[in-house]
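A.B. asks: I have a structure I would like to understand better, so I am pasting it below and will then ask my questions one at a time.
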Amino acid sequence: MRKIREGTVIDHIPAGRALAVLKILGISGEEGLRVAVVMNVESRKLGKKDIVKIENRHLRPEEVNKIALIAPTATINIVKDYDVVEKKRVELPSVIENILRCPNPTCITRKPREPIKPRFRVLSKNPLRLQCVYCGTILTAEDIVEQLIGG
Amino acid sequence: MSETKPDSISWLSRDVVSILDFSRSELEYLFDAATWMKRRLREGSVPRLLGGKVIALAFFEPSTRTRLSFETAAKRLGAETIGFTGEEAISVAKGENLADTIRMLDGYADAIVIRHRYEGAALYAAEVAEHPVINAGDGKQHHPTQAMLDLFTVKELFGAIDGLVYGVLGDLRYGRAASSFILALTLFKPRRVYLVSPPLLRARDEVLEKLREAGISYEETESLEEVLGELDVLYVTRIQRERFPDPSEYEKVKGSYRVTRRLLEERAKPELKVMHPLPRVDEISFDVDDTRYAAYFLQARNGVPVRMALLALIFGAWR
């Protein structure tokens, strides 16, 4: 896998989730971005891992947070002129805002025409469990994966 | 630093969204105020502590006791009330959203009491409004002022909330009074809590989690008969037909338990007290009403002094 000049390398993605990471980032391939996906390669830390390289795109913080929900081990490398200028681990914020939908149909965040953003507090990172700030509904890692990746 | 604040200050201008927003000592302070209010009510000497205040009663869902006891509490203390019950009569019927309705009430009144069928509506209203918002029931989630008057009633009956064995019976899944009562117990030291319900109506995960976090000894069971003899307090709730997503599920569980005089006389300790947030359907038979077990009418009456105390503390009018 060759080095990229400008862009983002997402490393240490749990094996098999690279395509889901791309989906969450909204990258379908039709944008014309040059994207490299490596799956199930050996990793000292994880045993096996996936890697995604995206040329000419630097990830915004809210996108990084989204990835943390399904790839908590991921590292983000920002590459400029072939050099890694910034390397950060994805870090779940204590509150997840406006990314996930509350599954409870009578949660106030599901009420049409209210200027309200769904908000979840992180109950635990491992295993990942979130709780809706408004209605108390608890989301498990499986619920989150299902919502962000689909069944 | 909030622990060092005197409780009279910590109550000032507070939103009341969940019973878990409060500490044990704050609740005990509320109970002191409620005891004082109750005595003044009995003596007919309630001072107009809230003269000149306007309290909005925004009941988007039907209510009898909660609305009338808030209204009575406010009026006994000299406050005026404005408000509505049901959505048909107000602009919501024309398509107004909750945020706009709350902003309007916030402009008219000094505090807003809200009941709404959506979980989280009271927290949302509290975020929108500048004045204090009091949750009078948000969907199946919270009913903190009910829990306050429930615990006050237990304290009045037994002299303490700690050390008792509680049974919470009925709809623990959709019943907000039951959930709030269970959550309220996590602030105290009950000896044991039995959660008695059909499997479909078990307490929600987030409620059970709080019991575990608080280190409360609890057990879920389907059989009231098995645990009745151990109980000091039996808290009975109605099956919340209106909150069942699927009516056929309601049909499966309706009438699945019933507390009768005969059952109590056969199995209960003589000092057991039966509580119920009311209204009841058929879960407590009428022949229990005139027994020594029945505490639910006392409980309902306590709604007024406890809500008087709550309003007075929020407005900084009692210390």
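A.B. asks: In deg cm²/dmol, rounded to 500, what helix-only [θ] at 222 nm does the protein assembly as shown give when every DSSP H run of at least 4 residues adds -39500 (n - 2.57) and the total is split over its residues? Write out the running numbers ahead of the final one.
C.D. replies: On the way: 16 runs with 152 residues, N = 470.
Mean residue ellipticity, 222 nm, calculated: -9500 deg cm²/dmol.
A.B. asks: Continuing with the same structure: Hey, if we sort B:Glu61, B:Glu251, B:Glu266 by accessible area with the 1.4 Å probe, largest down, what's the order?
C.D. replies: Working: B:Glu61 25, B:Glu251 95, B:Glu266 120 Å².
I get B:Glu266, B:Glu251, B:Glu61, largest accessible area first.
A.B. asks: Consider all pairwise Cα distances in chain B and report the whole-number % of them above 37 Å. Numbers along the way, then the final one.
C.D. replies: Working: 7046 of 50721 pairs.
So the portion of pairs separated by more than 37 Å is 14 percent.
A.B. asks: Still on this structure, please answer the following. Pick out, in residue order, every one of the GluC sites (Glu not before Pro) in the stretch A:1-82 that is DSSP loop and has at most 12 other C-beta atoms within 10 Å; say none if there are none.
C.D. replies: Working: sites: A:Glu6, A:Glu30, A:Glu31, A:Glu42, A:Glu55, A:Glu62, A:Glu63; in loops: A:Glu6, A:Glu30, A:Glu31.
Passing sites in the stretch A:1-82 are A:Glu30, A:Glu31.
A.B. asks: Roughly how tilted is helix B:65-76, in degrees to the nearest 10 and between 0 and 90, from the longest Cα axis of chain B?
C.D. replies: Taking Cα atoms only, the helix is inclined about 40 degrees.
A.B. asks: Plugging the Kirkwood radius over Cα pairs into Stokes-Einstein for the stretch A:64-129, at a temperature of 25 °C and a viscosity of 0.890 mPa s, what D comes out in µm²/s? Please report the intermediate quantities before stating the final value.
C.D. replies: On the way: Rh = 14.0 Å.
Rounded to a whole number, D works out at 176 µm²/s.
A.B. asks: Per-residue accessible area for A:Tyr134 at 1.4 Å probe radius, Å² rounded to 10?
C.D. replies: Surface accessible to solvent at A:Tyr134 totals approximately 10 Å².
A.B. asks: Work out the mean other chain Cβ neighbour count within 10 Å for the residues of A:137-147 and drop it here as an integer. All intermediate terms of the calculation are to be shown ahead of the outcome.
C.D. replies: On the way: counts 6, 4, 0, 1, 0, 0, 0, 0, 0, 0, 0.
Averaged over the peptide's residues, the number is 1.
A.B. asks: Also, quick follow-up: Test of understanding: in a Gaussian network model of chain B with alpha carbons linked when under 10 Å, which of B:His131, B:His143, B:His276 would top the mean-square fluctuation ranking?
C.D. replies: Comparing B:His131, B:His143, B:His276 in a Gaussian network model of chain B, the most mobile one is B:His131.
A.B. asks: Let me ask something else. Please state the equivalent ellipsoid semi-axes for the stretch B:144-300: what are the square roots of 5 times the Cα gyration tensor eigenvalues, largest first, in whole Å?
C.D. replies: Output for the stretch B:144-300: semi-axes of 21, 19, 14 Å.
A.B. asks: A further question follows. Using only alpha carbon positions, build the gyration tensor of chain A, then give the equivalent ellipsoid semi-axes as the square roots of 5 times its eigenvalues, largest first, whole angstrom. Let's see the in-between values first.
C.D. replies: Working: eigenvalues 177, 55, 37 Å².
For chain A, the semi-axes come out at 30, 17, 14 Å.
A.B. asks: Another one. Out of the stretch A:1-91, which trypsin sites (Lys or Arg not before Pro) are coil in DSSP terms and have no more than 14 other C-beta atoms within 10 Å? Mind dumping the intermediate values first?
C.D. replies: Numbers: sites: A:Arg2, A:Lys3, A:Arg5, A:Arg17, A:Lys23, A:Arg34, A:Arg44, A:Lys45, A:Lys48, A:Lys49, A:Lys53, A:Arg57, A:Lys66, A:Lys80, A:Lys87, A:Lys88, A:Arg89; in loops: A:Arg2, A:Lys3, A:Arg5, A:Arg17, A:Arg34, A:Arg44, A:Lys45, A:Arg57.
Listed in order of number, the matching sites are A:Arg2, A:Lys3, A:Arg5, A:Arg34, A:Arg44, A:Lys45.
A.B. asks: A further question follows. Probe radius 1.4 Å, ligands and nucleic acids ignored: give me the carbon and sulfur share of the accessible area of the protein assembly as shown as a rounded percent.
C.D. replies: Details: 10020 of 21120 Å².
Carbon and sulfur: 47 percent of the exposed surface of the protein assembly as shown.
A.B. asks: Compare each residue of the stretch A:88-116 in its chain alone against the assembly with all protein chains, and report those whose accessible area goes down by 50 Å² or more; 1.4 Å probe, heavy atoms.
C.D. replies: A:Thr106, A:Ile108, A:Lys111, A:Arg113, A:Glu114
A.B. asks: How tilted is helix B:176-185 with respect to the longest principal axis of chain B? Cα atoms for both, answer in degrees (0 to 90, nearest 10).
C.D. replies: 80 degrees
A.B. asks: Now a separate question. A plus B alone minus the pair: what accessible area, both sides summed, probe 1.4 Å, in Å² to 100? Mind dumping the intermediate values first?
C.D. replies: Values: alone 8840 and 13840 Å², together 21120 Å².
The buried area between A and B, both sides summed, comes to about 1600 Å².
A.B. asks: Ignoring ligands, DNA and RNA, what accessible area per residue does the protein assembly as shown give at 1.4 Å, in Å²? Kindly include the intermediate steps, with their values, before the conclusion.
C.D. replies: Numbers: 21120 Å² over 470 residues.
Accessible surface, normalised per residue, equals 45 Å².
A.B. asks: Find, among the GluC sites (Glu not before Pro) in the stretch B:5-97, those assigned to loop by DSSP (not H, G, I, E, B) with at most 14 other beta-carbon atoms within 10 angstrom.
C.D. replies: B:Glu88, B:Glu96
A.B. asks: Kirkwood hydrodynamic radius (Cα pairs, Å) of the protein assembly as shown?
C.D. replies: Numbers: mean 1/r = 0.0404 Å⁻¹.
Evaluated over the protein assembly as shown, this radius sits at 24.8 Å.
A.B. asks: For the stretch B:72-115, which residues drop by 40 square angstrom or more in accessible area between the chain on its own and all protein chains together (1.4 Å probe)?
C.D. replies: B:Asn97
A.B. asks: Helix B:303-314 versus the longest principal axis of chain B: what is the Cα-based angle in degrees, 0 to 90, to the nearest 10?
C.D. replies: 40 degrees
The values are calculated or read from the model by the stated rules, or taken from the named source; none is laboratory data. None of these values were measured; they are calculated from a predicted model. Virtual Cβ from ideal backbone geometry, glycine too; neighbours counted across all protein chains shown. The protein model used for the area step is the full one, side chains on, heavy atoms only, and it has no ligands, DNA or RNA in it. Shrake-Rupley method; radii C 1.70, N 1.55, O 1.52, S 1.80 Å.
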